[in-house]
Ligand code: ADP
Ligand code: MG
């Protein structure tokens, strides 16, 4: 059985389990284990910590990670609400004694150059799976990383949500830091940048702010520049930073989920500058890339993912990579907690809401219709018991594709194919699998059909 993801305790258990391999044991014990998940109400997770300090520290260092991971487990995008439990508080003196930023944190996150956001250590070029959808952006980012301010300046990386912009941006930072450890890189998001502007103005710290961004910066990596829309003061500051860096041949990279001319409320001169360099776009990944990404994640995290399940996930979760990763995390966390092997049925059960909410699931009917059309037979023929030779192959292929892509059980498929026995479906699937190894024309037919299936439900 899958765990009940609406049960706060179970969801939190699955969360802890899933993050275990990724953060240092110390961080897990000190900061995450003491948290209690009190409630999962609608879109909100209510988390209890023992004191204000823990809350602020978690907010500063791990809030995005926490929100993303817990949302993945629960299957909805959650807001985090903190509550304090004074009874579990540690006395004030010991809070004072805690260092501002425990040194062990840097084990899991790359140390940033200075106060900028931290580069996520997993986001390097080596872990970025290349495919037709992203190879242009990847090549541009590599060129910039290898020769900052020489090849493309500015570089404007454009793509939809969850397609790898932040990953590539961080990868540039890591690469440059590895080659030239003394480079002064600022990695930030325009949201954070805006906060810094506001603070600098409020506390009369503009000179320090300008020194940091204009004098003491060799490379600026600015994530989600589209959020600068409508923020006049922030745009003004960024414009001048841009000019200073550009004029002194220092690299500027920005990412955005909108093209320059689509960002509303932005100064014309800034928009214009974004177009001076190269605009590299990332497209949604093709199924082959989705499969490669799943395989890589499974291998990196050390779990087995059968081809069936890999294919099933890649087929059905197509919109973006973050979602694909989220589904995988949820699936493996559930499976390891309940000690259940990951089969297509199990995946379907655990991810039920994601799959149906998107209407992404391929239905038995859709496969039958497609196969019938492809082989020019009637859908009813696929379900009939007529043992005519021209009907055998379409019928077997339809059964095979349903099993592979819809993921229904054999008995269920038996019912959907005109009340046949489950053994009929099993032997059809096995037959096709065996034939695929030697029969090139069948391989081509199946591939054609899978392509059409992939497109027809997009
Ligand atoms: P964006 O910033 O465009 O919204 P992210 O860079 O945060 O997207 O990517 C979302 C998740 O998908 C990240 O965990 C990232 O590592 C992963 N990801 C995106 N593209 C790839 C890829 N080509 N290969 C491997 N992982 C990827
Ligand atoms: Mg991003």
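Summary of values
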{"quantity": "Unmet criterion (only one of (1) modelled with pLDDT under 95; (2) touching a helix residue (DSSP H, G or I) at 6+ places or on another chain (Cβ under 6 Å); (3) under 13 Å from residue 154 (Cα atoms)) for residue 221", "calculated": "(1)"}
{"quantity": "Of all residues making up region 282-292, the number that are surrounded by 18 or more Cβ atoms within 10 Å (Cβ to Cβ) and in contact with a helix residue (DSSP H, G or I) (Cβ under 6 Å, 6 or more places away or on another chain)", "calculated": "3"}
{"quantity": "Per-region count, region 405-422, residues under 13 Å from residue 368 (Cα atoms) and at pLDDT below 90", "calculated": "2"}
{"quantity": "Test: residue in region 206-221 that is in a strand (DSSP E or B) and either free of Cβ contacts under 8 Å to residues at least 60 places away in the same chain or more than 28 Å from residue 322 (Cα to Cα) (or both)", "calculated": "yes"}
{"quantity": "Residue within region 231-244 that is buried (at least 19 other Cβ atoms within 10 Å of the Cβ), part of a helix (DSSP H, G or I) and within 28 Å of the chain's Cα centre (by Cα) present", "calculated": "no"}
{"quantity": "Sole residue being modelled with pLDDT of 95 or more, within 16 Å of ligand 2 (Cβ to nearest atom) and under 20 Å from the mean Cα position of the chain (by Cα), chosen from 157, 129", "calculated": "157"}
{"quantity": "Scope region 299-315; condition surrounded by 13 or more Cβ atoms within 10 Å (Cβ to Cβ) and more than 18 Å from residue 348 (Cα to Cα); matching residues", "calculated": "301, 303"}
{"quantity": "Residues within region 132-154 that are within 16 Å of ligand 2 (Cβ to nearest atom) and within 17 Å of residue 177 (Cα to Cα), tallied", "calculated": "1"}
{"quantity": "Residue that is at pLDDT below 85 and more than 22 Å from the chain's Cα centre (by Cα), where the choices are 96, 48, 39", "calculated": "96"}
{"quantity": "Evaluation of residue 277 against (1) at pLDDT below 95; (2) surrounded by 14 or more Cβ atoms within 10 Å (Cβ to Cβ); (3) more than 28 Å from the chain's Cα centre (by Cα) (one fails), failing number", "calculated": "(3)"}
{"quantity": "All helices (runs of 4 or more DSSP H) inside region 373-458 with 1 or more residues being under 23 Å from residue 351 (Cα atoms)", "calculated": "389-401, 410-416, 440-456"}
{"quantity": "Search result, residues across region 358-380 that are over 22 Å from residue 309 (Cβ atoms), in contact with a helix residue (DSSP H, G or I) (Cβ under 7 Å, 6 or more places away or on another chain) and either at pLDDT below 90 or surrounded by fewer than 17 Cβ atoms within 10 Å (Cβ to Cβ) (or both)", "calculated": "369, 374, 378, 379"}
{"quantity": "Only one of 143, 137 that is closer than 29 Å to residue 256 by Cα, away from ligand 1 (no atom under 16 Å from the Cβ), surrounded by 12 or more Cβ atoms within 10 Å (Cβ to Cβ) and at pLDDT 95 or above", "calculated": "143"}
{"quantity": "Subset of region 162-184 that is outside any helix (DSSP H, G or I) and either more than 16 Å from ligand 1 (Cβ to nearest atom) or closer than 16 Å to residue 222 by Cα (or both) - its residue that is nearest to the chain's Cα centre (by Cα)", "calculated": "164"}
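The values are calculated or read from the model by the stated rules, or taken from the named source; none is laboratory data. These figures come from a predicted structure and were not determined experimentally. Counting neighbours? That spans all protein chains shown, and the Cβs are built from the backbone with ideal geometry, glycine included.
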